[in-house]
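Chemist: Here you go, one structure.
The values are calculated or read from the model by the stated rules, or taken from the named source; none is laboratory data. Only a predicted model underlies this, so the values are computations on that prediction, with no experimental measurement involved. Cβ placement follows ideal geometry from the backbone for every residue including glycine, while neighbour counts extend to all protein chains displayed. All accessible areas refer to the heavy atoms of the entire protein, side chains included, with ligands and DNA or RNA removed. Shrake-Rupley method; radii C 1.70, N 1.55, O 1.52, S 1.80 Å.
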Amino acid sequence: TLSGETSSDSTRLRTMPLRLGLVYRFDVLAERFNVPLAFSVKAGLDYYLWWTTGGNGISDWEDASGDGRALGRGATTGYHAAFAIHLLLDMLAPDMATSFDNNVGVNNTYLFAEVLLSKIDDFGGADSWDLSDTSLLFGLAFEF
């Protein structure tokens with residue numbers, strides 16, 4: 001609290017990441033040479049909306065004199081880059097893959113692993129929150 005006592009309210013930081021990016025997938029090995037691997041790289045710009053909440057909603061406050069005001073919301077910009085490897089599952093069961101394509105429209109199915117680096121710190125701004133992260137993602141991808 002402003003008087004220095006411990007508050008009973010909990011405080012939470014919420015973020016809403018917005019991302020604009022480009023993806024390049026290299027699948028020549030799978031398409032031309034029957035090697036069931038594809039690779040992709042991603043890069044782009046990020047805009048993270050953020051807000052802090054406490055017992056009374058968004059955590060806006062004034063100091064004791066009423067002069068200073070801190071807003072418990074804002075936005076932070078940055079960029080991201082990623083590298084992924086995809087394992088083409090169609091080659092494991094070609095008849096099932098053809099049926100899946102004809103009946104549902106899924107051209108290819110992949111298992112993938114991706115390393116994603118997000119640098120979200122207003123491009124090194126001194127007054128910025130650093131919301132950067134490095135993530136390892138695994139998943140199943142369908143190509144229509």
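Chemist: For the list (1) under 16 Å from Pro36 (Cβ atoms); (2) crowded, with 16+ Cβ neighbours inside 10 Å, I need the number of the one condition that Thr98 fails.
Modeler: (2)
Chemist: Taking the criterion of being surrounded by 15 or more Cβ atoms within 10 Å (Cβ to Cβ), in contact with a strand residue (DSSP E or B) (Cβ under 7 Å, 6 or more places away or on another chain) and within 17 Å of Gly21 (Cα to Cα), would at least one residue in segment 82-91 satisfy it? Explain how you work it out, then say what you get.
Modeler: Step one: of segment 82-91, the residues surrounded by 15 or more Cβ atoms within 10 Å (Cβ to Cβ) are 82, 84, 86-90.
Subsequent filtering for residues that are in contact with a strand residue (DSSP E or B) (Cβ under 7 Å, 6 or more places away or on another chain) retains 82, 84, 86-90.
Now drop any that are not within 17 Å of Gly21 (Cα to Cα), which leaves 82, 84.
Yes, because at least one residue in segment 82-91 is surrounded by 15 or more Cβ atoms within 10 Å (Cβ to Cβ), in contact with a strand residue (DSSP E or B) (Cβ under 7 Å, 6 or more places away or on another chain) and within 17 Å of Gly21 (Cα to Cα).
Chemist: Out of Gly124, Gly139, which single residue is part of a loop (DSSP other than H, G, I, E, B) and open to solvent by less than 60 Å² (accessible area, probe 1.4 Å)? Walk me through it before giving the result.
Modeler: Details: Gly139 fails: part of a loop (DSSP other than H, G, I, E, B).
Just a single option satisfies the conditions, and that option is Gly124.
Chemist: Identify the residue in segment 10-38 that is among the polar types (S, T, N, Q) and outside any strand (DSSP E or B) and, among all such residues, is farthest from Leu71 (Cα to Cα).
Modeler: Step by step, filter segment 10-38, then rank; the result is Asn34.
Chemist: List pairs: first in segment 39-51 and within 12 Å of Ile85 (Cα to Cα), second open to solvent by 70 Å² or more (accessible area, probe 1.4 Å) and among the charged types (D, E, K, R), Cβ under 6 Å, 6+ apart or cross-chain?
Modeler: Every condition considered, the pairs that remain are Ser40/Arg25.
Chemist: Scan segment 101-132 for residues that are small (Gly, Ala, Ser) and either more than 11 Å from the chain's Cα centre (by Cα) or more than 25 Å from Pro17 (Cα to Cα) (or both) and jot them down.
Modeler: Scanning segment 101-132 gives Gly105, Ala113, Gly124, Gly125, Ala126, Ser128.
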